[in-house]
Amino acid sequence: MALSFEAKSKNDLVTCVSDGKLNIKDILIEDELLAKNDKKLLQKSIKQAVTRSLELAQKAAEERMGEFRGMMPGLE
């Protein structure tokens, strides 16, 4: 089962979906944002959504590694 991590920009106009291998699987941009025709806002929103999605994936990976360390003697 592949893990999926979804996060939105602060303005909720961009959504990014990444996987457990830190690959970007999808970027969804609301029509409202495109209609604004504001390149800087679009760039900022994409960056926020991608960063948040990858942070979620990385945090999940770290938690998973922590579980495995607990199972193996001497790796605490």
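The values are calculated or read from the model by the stated rules, or taken from the named source; none is laboratory data. Because the structure is predicted, anything quoted here is derived from the model rather than measured. Cβ: placed from backbone, ideal geometry, glycine included. Neighbour counts: every protein chain shown.
Evaluation of Ala2 against the conditions (1) loosely packed, with under 10 Cβ neighbours inside 10 Å; (2) modelled with pLDDT of 95 or more shows that the sole unmet condition is (2).
Among the residues of region 18-40, which ones are in contact with a helix residue (DSSP H, G or I) (Cβ under 7 Å, 6 or more places away or on another chain) and either buried (at least 17 other Cβ atoms within 10 Å of the Cβ) or outside any strand (DSSP E or B) (or both)? Within region 18-40, Ser18, Gly20, Leu22, Leu33 meet the criteria.
Please verify whether Leu54 is more than 16 Å from the chain's Cα centre (by Cα) and either of a type outside the set (Lys, Arg) or at pLDDT 95 or above (or both), treating the condition exactly as stated. No; evaluated as a whole, the condition is false for this residue.
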